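Scroll down for the structure; my scribbles are underneath it.
The values are calculated or read from the model by the stated rules, or taken from the named source; none is laboratory data. Treat the numbers as computed from the prediction; the structure is a model and nothing was measured. Methodologically, a virtual Cβ is constructed for each residue, glycine included, from the backbone with ideal geometry; neighbour enumeration extends over all protein chains shown. Heads up: the accessible areas ignore ligands, DNA and RNA and are worked out on the full protein's heavy atoms, side chains in. Shrake-Rupley method; radii C 1.70, N 1.55, O 1.52, S 1.80 Å.
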Amino acid sequence: MPTPAKNARLQLLQGNPAKKNTNELKRRAEKEEKMKMSAAHVNPPSWLDETAKKEFKRLAKLLLSVELINEADIGHLAMYCDAYSQYLTFKKQIKENGLWVGDRPNPFILRMKDAAMQMRSFGSDLGLSPASRARLAINLSKDEEDDDDDF
């Protein structure tokens, strides 16, 4: 399965790990900027429960402040928040009923693990992992240093 295309601006911020032509990436980033979608109405979908809506609002505020999401990303962020809410629900069930139900492992353990995997997948796509944020910060400071050298 091919790797999905990355935003050119994100590739530049990450230090161009794929070693693509930097001038081409810059041109692509300019074109992507022209295609930029609105971020004025990033609101949680009605189908989310209260826990997920609260997480959606919290993350949307953070991601909008660094322009990493727009209205097209609502569904993706909502899926992350839904998995987050499910994870907490399953964790509560395990806490109430214990790791074992009779002589078998609590079935909510597997469900919690699945929700955590979904969170990790959606979170990675949204740039929510500590490692990706650290990489972005390091590469952003390098890009700013390189820009200073041009003048």
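Would you check which residues across region 79-124 are of a type in the set (S, T, N, Q) and in a helix (DSSP H, G or I) and list them? Across region 79-124, the qualifying residues are Ser85, Gln86, Thr89, Gln93, Asn97, Gln118, Ser121, Ser124.
Taken over region 23-43, the criterion of being of a type in the set (A, V, I, L, M), assigned to a loop (DSSP other than H, G, I, E, B) and surrounded by 10 or more Cβ atoms within 10 Å (Cβ to Cβ) is satisfied by Met37, Ala39, Val42.
In region 61-80, what residues are open to solvent by 40 Å² or more (accessible area, probe 1.4 Å) and polar (S, T, N, Q)? Of everything in region 61-80, just one residue is open to solvent by 40 Å² or more (accessible area, probe 1.4 Å) and polar (S, T, N, Q), namely Ser65.
Give all pairs with beta carbons closer than 7 Å in which a residue from region 61-78 that is in a helix (DSSP H, G or I) meets a residue that is surrounded by 13 or more Cβ atoms within 10 Å (Cβ to Cβ) and of a type in the set (Val, Ile, Thr); count only pairs at least 6 apart in sequence or on separate chains. That search, which allows pairs on different chains as well, returns Leu63/Ile69; Leu64/Val42; Glu71/Val42; Ile74/Val42; Leu77/Ile69. When you look at Ala83, is it under 16 Å from the mean Cα position of the chain (by Cα) and either open to solvent by less than 60 Å² (accessible area, probe 1.4 Å) or not assigned by the TED database to the domain that holds Arg111 (or both), yes or no? Spelling it out, Ala83 is indeed under 16 Å from the mean Cα position of the chain (by Cα) and either open to solvent by less than 60 Å² (accessible area, probe 1.4 Å) or not assigned by the TED database to the domain that holds Arg111 (or both).
Considering region 44-60 alone, what residues qualify as being loosely packed, with under 12 Cβ neighbours inside 10 Å and in a loop (DSSP other than H, G, I, E, B)? Steps first, please.
Of region 44-60, the ones loosely packed, with under 12 Cβ neighbours inside 10 Å are 46-47, 50, 58.
Ser46, Trp47, listed by residue number.
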